[in-house]
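Enquirer: There's a structure below that I have some questions on.
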Amino acid sequence: MTARRPPDAASTVLRALEDLWHTIRDRHPEIPEVVLILASGTDGKHARWGHHAPARWRVHDTDRTEIMISGEGLRRPPREVLGTLLHEATHALAAARGVQDTSRQGRYHNTRFRDLGTEMGIQTTKTDKFGWSTTTVPDATATVYARPLKALEKAMVLWRRDEITNAATSRKSSNLIAAICPCERTIRIAASSLDQAPVTCGACGGDFEPK
């Protein structure tokens, strides 16, 4: 008789995250179906717990947004991981409504994000660098998601170690990238320059973002 194989740890936690996303969509039907992945959150200049990337996947001839949850973030309590998922769901809600909720290459979270986050059941606090980005899950919201949150807690038996980079050997990219403002004017600029501070369009007053 063949022994029954135990479930793969990564697949189990991914299913638990997908179930949480389905529960979020049940409460907020405007939020679209997505492709949810686990990946590194420390492989770039800025560490992150997750990301929202529109139209990254093609599923049955339809574009779908990618929602990434960082493997490094799985060392946190499940409630904080739920906070990350709700944070990215807030970005998805903003995109569905055509609301510009961030600037500075998606890092600075404005008051529109704060207000949508409140609608999604999260509390946000403001920092100078990232705006209304820091996310916490109130008790009332944790209660709403208690059942799928419990399943996530049971599935969280793994987490990813941080990437280690050598700052002495890292190089700044000098390649120019295309950037576009809200009124659709386009410029070419070094990615490092755009990363340092917002570049504002004199015509519409909005910030240029990578095209």
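Enquirer: For SER70, which of the numbered conditions (1) surrounded by 13 or more Cβ atoms within 10 Å (Cβ to Cβ); (2) of a type outside the set (Lys, Arg); (3) over 17 Å from ALA16 (Cα atoms) fails to hold?
Expert: All conditions are met except number (3).
Enquirer: Show the residue pairs that are 6+ apart or on different chains and have beta-carbon atoms under 7 Å apart, the first residue being within region 135-158 and under 22 Å from GLY117 (Cβ atoms), the second being among the basic types (Lys, Arg).
Expert: If the second residue must be among the basic types (Lys, Arg), the pairs left are VAL137/ARG79; ALA142/ARG79; LEU149/ARG79.
Enquirer: Which of the following residues is in a helix (DSSP H, G or I), more than 19 Å from PRO29 (Cα to Cα) and at pLDDT 95 or above: THR135, THR143, THR125, THR118? Explain how you work it out, then say what you get.
Expert: Details: THR135 fails: in a helix (DSSP H, G or I); THR125 fails: in a helix (DSSP H, G or I); THR118 fails: more than 19 Å from PRO29 (Cα to Cα).
Testing whether each residue is in a helix (DSSP H, G or I), more than 19 Å from PRO29 (Cα to Cα) and at pLDDT 95 or above leaves just THR143.
Enquirer: What do you reckon, is ALA151 modelled with pLDDT of 95 or more, surrounded by 10 or more Cβ atoms within 10 Å (Cβ to Cβ) and in contact with an Asp or Glu (Cβ under 7 Å, 6 or more places away or on another chain)?
Expert: Here the answer is yes, as ALA151 does meet what is asked.
Enquirer: When residues of region 97-115 are filtered for being touching a Phe, Trp or Tyr at 6+ places or on another chain (Cβ under 8 Å) and not in a loop (DSSP other than H, G, I, E, B), how many remain?
Expert: Summing the residues that are touching a Phe, Trp or Tyr at 6+ places or on another chain (Cβ under 8 Å) and not in a loop (DSSP other than H, G, I, E, B) in region 97-115 gives 6.
Enquirer: Go through the residues of region 17-34 one by one and say whether even a single one is under 15 Å from the mean Cα position of the chain (by Cα), at pLDDT 95 or above, assigned to a loop (DSSP other than H, G, I, E, B) and surrounded by fewer than 18 Cβ atoms within 10 Å (Cβ to Cβ).
Expert: yes
Enquirer: Give ALA47, ALA53, ALA94 a once-over and let me know the one that is within 13 Å of the chain's Cα centre (by Cα), of a type outside the set (Ser, Thr, Tyr) and in a helix (DSSP H, G or I).
Expert: ALA94
Enquirer: Aliphatic (A, V, I, L, M), touching a Leu at 6+ places or on another chain (Cβ under 7 Å), modelled with pLDDT of 95 or more and crowded, with 19+ Cβ neighbours inside 10 Å: does that describe LEU85?
Expert: yes
Enquirer: Could I ask something else about it? Pairs needed: first member in region 174-202, of a type in the set (D, E, K, R); second member anywhere, exposed (fewer than 14 other Cβ atoms within 10 Å of the Cβ) and at pLDDT 70 or above; C-beta distance under 6 Å; at least 6 residues apart or different chains.
Expert: Once the first residue is of a type in the set (D, E, K, R) and sits in region 174-202, its partners that are exposed (fewer than 14 other Cβ atoms within 10 Å of the Cβ) and at pLDDT 70 or above give ARG188/LEU176; ARG188/ALA178.
The values are calculated or read from the model by the stated rules, or taken from the named source; none is laboratory data. From a predicted model like this one, the values you see are computed outputs, not experimental measurements. Cβ coordinates were reconstructed from backbone atoms using ideal geometry, including for glycine residues, and neighbour counts include every protein chain displayed.
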